[in-house]
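Since the structure comes first, as structure tokens, the remarks are kept for the end.
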Amino acid sequence: MNLRYFKNILPVAALILASAGMSSCTGDLDVTPIDPSTNMTVNEPALFTKCYANMALAGQTGPDGDCDIDGLDGGTTGFVRQLFNTQELPTDESICNWGDTGIDQYDFGTWDSSHPMIAGFYFRLYAGIDYCNHYLDVCKGVNEQREAEVRFLRALYYYYLLDEYGNVPFATEISAESPEQIKRADLYTWIESEVKELLPNLAEPKARNSKEEGYGRADKDAAYMLLARLYLNAEVYTGTAHWAEAKEYAEKVINGPHKLFTDKSSGYNKNCGYTPYQMLFMGDNGESGASSESILSVMQDGATSAAYGCTLFLMASCWQADMDVEGNYGSSEFWAGNRARSQFVKKFFPNADPTPNDIKGTVAEAGDDRALLYGKDRELVVTKQGTFTSGYSVGKFRNTYSDGSQPHNAKFCDTDFFLMRTGEAYLIAAEADARLNNGVTTATGTGYINALRERAHAATQSQWSVNQILDERSRELYYEGFRRSDLVRYGLFTSNEYVWDFKGGVQKGVGLASTRNLYPLPAEDVNANKKLTQNPGY
């Protein structure tokens, strides 16, 4: 891979995230320098923290400081922001009106191998892998559990590369040599084996809040979730389905301590006026009780770990100042870029178009707490890609506190991003159940979908088809970074069978070449590493 994109590969400054409660073992890591005046003491807690911080922060010097990934600013290269862009913008769920280089190509499905943001996410993932490889090199044997967590994070980064880019460079150690390219099916096998091998050394599952040690760190339930995701898409990655295994590992989560959050009076919240679903995406979601559902949180705090490219992006890019009777969503930032395509809105209104309304009105009309959409002075059908009010606005993420408290910062947010949560496990288990039962759920799978709908005060039914579950995944998980992968798994991402506003750059939508089911490897990396072969179609 092209190492000019990586900065701070050998970080030694301790960061805020995930380090609370850890004792330093640096005495075990001292090495003798060639130059006696050089301090070669390895800061193990800082290296450990950096492996997690790659998902939350742009770099080591704050949101406006130097970014770990060269070529893009810190806000643009944020892990969550580019996960959103790669998974949501090319789909039926979202479209953006900004003029940044690469946005139109995401919206229309017309990217090429020089796309800067596709490259930005790729290099962010490889930066994380290099941080993990470095930790595993210099900190091996210091702490068995933390070593297992770093191996898990490395596998997670490789999972996103597997899913989005296919055959990719593969290395498990830092080297001056260019890495070999691994086949997608072989990387699948490696991730499966690696996660199962490290799993026994992870912490036992426990639902934690942000004030407890271990919050934001991977435990056994995170490993179960990664395996469930892997098996859910196994047929895409390898040509062989593994539905039974997907259901098995999803049910390990469902039957564990990370419970579906359903009680709005949990913790210190009393009569807060927000629904349990809303509380999953609010400024105090780490403390309100909502984190009982979070299996792996990317932590944010406006005062201590601020970032433009994490949950602030998910809010500011979607909000305009007219969207809420309270006048704001807990931040001074209104970027007005991303909004919903009509096909997504209609998943909440399958029988008739909604009445243009504010968020509370849309929720009430939909009969579903998850319909956090604003339609006043908006077009339902996107007819102008470059206009924010062409398309309904999305108010899912906010920095408001459910108990009325004030955020820590007037600009940056405190809302943690639940990268893995139990609601996803319910959906994986239900889909696998249906696929094992001729395309419809048994009583078990039906119960999983109905539990999510009951939490959202939506109507339940006696059975769910595989296609209905795809719609339910959209209603439950929209803007959380899943939609592209779901549409690929269902064979709908590129096909003419299902189109949406501006798919293929045409207002009414057209199909795409099937090669678009994978993103290209960045041209700069292919040019720098002669061992790489570009994905077909690029």
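The table for this structure:
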read-out	value
Single residue of the range 176-192 satisfying the filter (assigned to a loop (DSSP other than H, G, I, E, B) and open to solvent by 60 Å² or more (accessible area, probe 1.4 Å)) that is modelled with the highest pLDDT	Lys183
Hits in the range 72-94 - residues which are within 30 Å of Glu472 (Cβ to Cβ) and either part of a loop (DSSP other than H, G, I, E, B) or among the small types (Gly, Ala, Ser) (or both)	Gly78, Glu88, Leu89, Pro90, Thr91, Asp92, Glu93, Ser94
Positions within the range 151-175 being outside any loop (DSSP other than H, G, I, E, B) and not hydrophobic (A, V, I, L, M, F, W, C), in sequence order	Arg151, Arg154, Tyr157, Tyr158, Tyr159, Tyr160, Asp163, Glu164, Tyr165, Pro169
When residues of the range 415-444 are limited to those that are within 17 Å of the chain's Cα centre (by Cα) and not in a helix (DSSP H, G or I), the one farthest from Ala222 (Cα to Cα)	Thr415
Residue that is over 24 Å from the mean Cα position of the chain (by Cα) and open to solvent by less than 40 Å² (accessible area, probe 1.4 Å), where the choices are Arg378, Arg341	Arg378
Among residues of the range 338-362, those that are hydrophobic (A, V, I, L, M, F, W, C) and free of Cβ contacts under 8 Å to residues at least 60 places away in the same chain, counted	4
So Thr61, is it closer than 18 Å to Tyr160 by Cβ, open to solvent by 10 Å² or more (accessible area, probe 1.4 Å) and assigned to a loop (DSSP other than H, G, I, E, B)	no
Filter result for the condition that a residue is farther than 21 Å from Val80 by Cα, of a type in the set (S, T, N, Q), touching a strand residue (DSSP E or B) at 6+ places or on another chain (Cβ under 7 Å) and open to solvent by 40 Å² or more (accessible area, probe 1.4 Å), over Thr383, Thr355	Thr383
Top-ranked residue in the range 94-111 [being of a type in the set (D, E, K, R) and either in contact with an Asp or Glu (Cβ under 7 Å, 6 or more places away or on another chain) or modelled with pLDDT of 95 or more (or both); ranked as farthest from Gly504 (Cα to Cα)]	Asp104
So Thr362, is it touching a Ser or Thr at 6+ places or on another chain (Cβ under 9 Å), assigned to a helix (DSSP H, G or I) and surrounded by 17 or more Cβ atoms within 10 Å (Cβ to Cβ)	yes
Single residue of the range 449-465 satisfying the filter (open to solvent by 20 Å² or more (accessible area, probe 1.4 Å) and within 15 Å of Arg435 (Cα to Cα)) that is nearest to the chain's Cα centre (by Cα)	Ser465
Test: Tyr329 is over 16 Å from the mean Cα position of the chain (by Cα), part of a loop (DSSP other than H, G, I, E, B), over 16 Å from Asn85 (Cβ atoms) and among the aromatic types (Phe, Trp, Tyr)	yes
Subset of the range 469-496 (residues that are open to solvent by 40 Å² or more (accessible area, probe 1.4 Å) and either of a type in the set (Gly, Ala, Ser) or free of Cβ contacts under 8 Å to residues at least 12 places away in the same chain (or both))	Gly491
Scan of the range 395-407 for residues that are of a type outside the set (Phe, Trp, Tyr) and out of contact with any strand residue (DSSP E or B) (no Cβ under 6 Å at 6 or more places or on another chain), ordered by number	Lys396, Arg398, Asn399, Thr400, Ser402, Asp403, Gly404, Ser405, Gln406, Pro407
Residue count, the range 455-472 (criterion: of a type in the set (D, E, K, R) and within 16 Å of Arg341 (Cβ to Cβ))	1
Test: residue in the range 223-237 that is hydroxyl-bearing (Ser, Thr, Tyr) and either farther than 22 Å from Arg146 by Cβ or in contact with a His (Cβ under 6 Å, 6 or more places away or on another chain) (or both)	yes
Residue in the range 174-194 that is among the charged types (D, E, K, R), closer than 22 Å to Val488 by Cβ and over 21 Å from the mean Cα position of the chain (by Cα) present	yes
In the range 385-439, residue nearest to Thr240 (Cα to Cα) [restricted to those that are in contact with a helix residue (DSSP H, G or I) (Cβ under 7 Å, 6 or more places away or on another chain) and among the basic types (Lys, Arg)]	Arg435
Residues located in the range 475-501, provided they are of a type in the set (A, V, I, L, M), part of a loop (DSSP other than H, G, I, E, B) and closer than 19 Å to Ala234 by Cβ	Leu492
Hits in the range 95-149 - residues which are surrounded by 18 or more Cβ atoms within 10 Å (Cβ to Cβ), of a type in the set (Phe, Trp, Tyr) and either assigned to a loop (DSSP other than H, G, I, E, B) or under 19 Å from the mean Cα position of the chain (by Cα) (or both)	Tyr106, Trp111, Phe121, Tyr122, Phe123, Tyr126
Members of the range 386-408 that are in a strand (DSSP E or B), touching a Ser or Thr at 6+ places or on another chain (Cβ under 8 Å) and either open to solvent by 10 Å² or more (accessible area, probe 1.4 Å) or small (Gly, Ala, Ser) (or both)	Ser390
Filter result (crowded, with 16+ Cβ neighbours inside 10 Å and of a type in the set (Gly, Ala, Ser)) within the range 150-175	Ala155, Gly166, Ala171
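Conditions (1) at pLDDT 95 or above; (2) farther than 17 Å from Lys206 by Cα, marked per residue:
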{"position": "Ala241", "(1), (2)": "yes, yes"}
{"position": "Ala246", "(1), (2)": "yes, yes"}
{"position": "Tyr249", "(1), (2)": "yes, no"}
{"position": "Ile254", "(1), (2)": "yes, no"}
{"position": "Pro257", "(1), (2)": "yes, no"}
{"position": "Asp263", "(1), (2)": "no, yes"}
{"position": "Gly267", "(1), (2)": "no, no"}
{"position": "Cys272", "(1), (2)": "no, yes"}
{"position": "Asp284", "(1), (2)": "yes, yes"}
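The values are calculated or read from the model by the stated rules, or taken from the named source; none is laboratory data. Being a predicted model, the structure only gives us computed values, none of them experimental. We place every Cβ from the backbone using ideal geometry, glycine too, and count neighbours over all the protein chains shown. Remember, those area values only see protein heavy atoms, side chains included, never the ligands or the DNA or RNA. Shrake-Rupley method; radii C 1.70, N 1.55, O 1.52, S 1.80 Å.
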